[in-house]
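Visitor: Below you'll find the structure I mean.
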């Protein structure tokens, strides 16, 4: 929620025209296998996307040994995907970082 409020304020502060924001709740509307693979590729690899501090990760860490296993696990359990994700025409940021998000908006 912190990121959503920050983004709303940051967009309101901008005088440029910004494309409409599309919001997707990954828990209610999980990514397909193709979308997960594409996200991992565009974000720079599995490490950039996998939520290693989540309880869902800790519950599976000893049972999954390879990238294909983690990709499937992220399809099955979207809480394994770091959120929020911001994508603009300037790039993508996975997880909230004010500095990274400002870079994508300015």
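No lab work stands behind these numbers, since they all come straight from the coordinates. The model shown is predicted, which means the values in this text are computed figures rather than measured ones. For neighbour counting, all protein chains shown are included, and Cβ atoms are generated from backbone atoms with ideal geometry for every residue, glycine included.
Visitor: Hey, with R₀ at 25 Å, roughly what FRET efficiency would residue 48 and residue 4 work out to, going by the Cβ-Cβ distance, to 0.05?
Guide: 0.75
Visitor: Then there is this: Gain in length, residue 28 to residue 65, computed as 0.36 nm per residue apart minus the alpha-carbon separation, to one decimal in nm?
Guide: Details: separation 37, 0.36 × 37 = 13.32 nm, distance 2.70 nm.
Taking residue 28 through residue 65 to full extension adds about 10.6 nm, to one decimal.
Visitor: Can you put 92, 74 in order of Cβ neighbours within 10 angstrom, beginning with the fewest? Before the final figure, lay out the partial values.
Guide: Numbers: 92 15, 74 26.
Ranking 92, 74 by Cβ neighbours within 10 Å, fewest first, gives 92, 74.
Visitor: Which ordering of 6, 70 is given by a fewest-first count of other beta-carbon atoms within 10 Å? Walk me through the numbers on the way to the answer.
Guide: Values: 6 15, 70 20.
Placing the least packed residue first, the sequence is 6, 70.
Visitor: Further, regarding this structure: Counting helices only, and only those DSSP H runs with n ≥ 4, report the 222 nm mean residue ellipticity of the chain as the sum of -39,500 (n - 2.57) divided by its residues, in deg cm²/dmol to the nearest 500. Present the calculation step by step, with values, prior to reporting the outcome.
Guide: Numbers: 6 runs with 51 residues, N = 106.
Theoretical 222 nm ellipticity from helices: -13500 deg cm²/dmol.
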